[in-house]
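Below is one structure, written out as structure tokens; the observations come after it.
Here, each number is a calculation from the coordinates, and none is a lab measurement. Just so it is clear, the structure is predicted and the values come from calculations on it, not from any experiment. FYI the Cβ positions are ideal-geometry reconstructions off the backbone, even for glycines, and counts take in every protein chain you see.
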Amino acid sequence: MLDNISEIRVNDFIMSLSSSDDEEIMKLKEFAIENDVPIIRDETRDFLRMIINIKDIKNILEIGTAIAYSTLVMHKSNVDAHIYTIENYEKRILEAKSNINKYFDKNKITLIEKDAGVYLKECDKNNYFDLVFLDAAKGQYINWLSDIKKLMKSGGILIADNIFKDGEILESKFLIKKRDRTIHKRMRDFLYQIKHDNELTTYIYNIGDGVSISIKK
Ligand SMILES: C[S@@+](CC[C@H](N)C(=O)[O-])C[C@H]1O[C@@H](n2cnc3c(N)ncnc32)[C@H](O)[C@@H]1O
């Protein structure tokens, strides 16, 4: 029925139905846009909210804090959940800290200032997280997967953002510039792995820049 209507129009229509967002969330979004900080798209934000609202979530692990915009979206969706969020870029850590001080319940947030790969290896919170939100270096998703699975509870959810990388991942590798081929291959490997992993049930959605949702058996 929607064959002749572009996806952009459909998305715009859906988004036009939203009431205006929380003032603090809007402030962070405006800052991100003004300062070229990459943050989740509106459709991904709503998808995250939906998952958090329908699932009983106590502990969240976010990989890729930036300035804590998506962190705040998740915090406001469930103020009782504890969010552990990882960021390794000093400039963003400073912004994230300032936003956390202003807008978060300090007992419900832990900012981890280090490389995600290092933290995921050393973290001993096995079978602990109800939700992992993966939104950092796309080429590392495949490398981090086994450590992430170890930290997820049975029934826990892994959401990975930007899995289409602005559509690039859908293209044949021969159409990708040489310097981007490694990341193209690694993301394709990640998607194949989560779809065929015996410990996960995975669904892939054309939401925002592509979102995967994997449930640990
Ligand atoms: C797309 S941004 C995150 C956006 C954020 N989730 C939001 O929507 O508000 C990705 C962030 O991951 C961080 N990052 C990338 N690689 C990382 C790594 N290996 N360890 C920790 N943080 C990393 C980047 O510095 C960047 O701030």
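Of the numbered criteria (1) in contact with a helix residue (DSSP H, G or I) (Cβ under 9 Å, 6 or more places away or on another chain); (2) free of Cβ contacts under 8 Å to residues at least 24 places away in the same chain, the one Lys97 fails is (1). Could you tell me whether the range 12-29 includes any residue that is more than 13 Å from the ligand (Cβ to nearest atom) and either aromatic (Phe, Trp, Tyr) or under 29 Å from Asp124 (Cα atoms) (or both)? Looking through the range 12-29, at least one residue is more than 13 Å from the ligand (Cβ to nearest atom) and either aromatic (Phe, Trp, Tyr) or under 29 Å from Asp124 (Cα atoms) (or both). How about the range 76-91: which of its residues are free of Cβ contacts under 8 Å to residues at least 24 places away in the same chain and either away from the ligand (no atom under 11 Å from the Cβ) or aliphatic (A, V, I, L, M) (or both)? Across the range 76-91, there are no qualifying residues. In contact with a Gly (Cβ under 6 Å, 6 or more places away or on another chain), within 21 Å of Val211 (Cβ to Cβ) and either in contact (Cβ under 8 Å) with a residue 60 or more places away in the chain or in a helix (DSSP H, G or I) (or both): does that describe Thr44? Taking the combined requirement at face value, the residue satisfies it.
Scanning the range 118-175 for residues that are among the charged types (D, E, K, R), within 12 Å of the ligand (Cβ to nearest atom) and touching a residue at least 60 places away in the same chain (Cβ under 8 Å) gives Asp135, Asp161. If we scan the range 92-112, do we find a residue that is in contact with a strand residue (DSSP E or B) (Cβ under 6 Å, 6 or more places away or on another chain), closer than 19 Å to Lys27 by Cα, away from the ligand (no atom under 12 Å from the Cβ) and among the aliphatic types (A, V, I, L, M)? Yes, the conditions are met somewhere in the range 92-112. For the range 159-179, filtered to residues that are exposed (fewer than 14 other Cβ atoms within 10 Å of the Cβ) and of a type outside the set (Lys, Arg), the residue that is nearest to Ile63 (Cα to Cα) is Asp166.
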